[in-house]
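*Asks:* Could you have a look at this structure, given as structure tokens, before my questions?
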Amino acid sequence: MDSMDTFVVNVSRLVRRPGSTRQVTLAGQVEPALDQVERCGPVKAELRLEAMAGGVWVCGVACAEMLLRCNRCLSRISFKAEAPVRQAYGKDESEDMPAIGQDGDIDLSGLLHDELCLSVPLVPLCSEACRGLCPVCGADRNEGSCQGHSESRESPFATLEALLEVPFETA
Ligand SMILES: [Zn+2]
Ligand SMILES: [Zn+2]
């Protein structure tokens, strides 16, 4: 799949000259694995790659326009995700950092995905004052389409309450 390769950068030339830098702009698609994200537009990452002793340092920022869902009323909210990216890649396999591939490639897709996910609010709200959906009829209470419900009629306990009001004369 093409889209999976768009975040792969070859750094084999760069790493041969420690201290040298390279600026890259990458664009592609990620699929945020988050319930609150309904859609994620193209991701753009502006990154600076710096050759350091033992590997490459990647830093910059990734952005994407997203459509989130309000946690209370489920309406759509447009959200501009902006995530800092900071990651080192080592020439050799190590526990501290991911390694540059044998062919000199580093695949940034997982990193960009994770950083963008972290920038998404856990509980998105269309507004702090969102009144959510009516638990009885499901209407959006922000729109005032629910006129309210007479509690005693709707409540499954209504009949029970009525029974309890009858004095226990026969007891
Ligand atoms: Zn809402
Ligand atoms: Zn209602």
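*Asks:* Given the options Arg16, Arg39, name the one that is among the basic types (Lys, Arg) and over 22 Å from Phe79 (Cα atoms).
*Replies:* Working: Arg39 fails: over 22 Å from Phe79 (Cα atoms).
Answer to the check: Arg16.
*Asks:* So, one more: Looking only at region 11-25, which residues are assigned to a strand (DSSP E or B) and more than 29 Å from the chain's Cα centre (by Cα)?
*Replies:* Within region 11-25, just Thr21 meets the criteria.
*Asks:* Can I ask one more? As an exercise: evaluate Glu82 against (1) more than 30 Å from Gly138 (Cα to Cα); (2) loosely packed, with under 15 Cβ neighbours inside 10 Å; (3) touching a residue at least 60 places away in the same chain (Cβ under 8 Å) and give the number of the one condition it does not meet.
*Replies:* (3)
*Asks:* Within region 135-158, track down each residue that is in contact with an Asp or Glu (Cβ under 9 Å, 6 or more places away or on another chain) and either modelled with pLDDT of 95 or more or away from ligand 2 (no atom under 16 Å from the Cβ) (or both).
*Replies:* Ala158 - this is the single residue of region 135-158 that is in contact with an Asp or Glu (Cβ under 9 Å, 6 or more places away or on another chain) and either modelled with pLDDT of 95 or more or away from ligand 2 (no atom under 16 Å from the Cβ) (or both).
*Asks:* Provide a single number: the residues in region 100-112 that are assigned to a loop (DSSP other than H, G, I, E, B) and of a type in the set (Asp, Glu).
*Replies:* Looking only at that region, the number is 1.
The values are calculated or read from the model by the stated rules, or taken from the named source; none is laboratory data. This is a predicted model, so every value here is computed, not measured. When we count neighbours, we look across all protein chains shown, and the Cβ atoms used for this are built from the backbone with ideal geometry, even at glycine.
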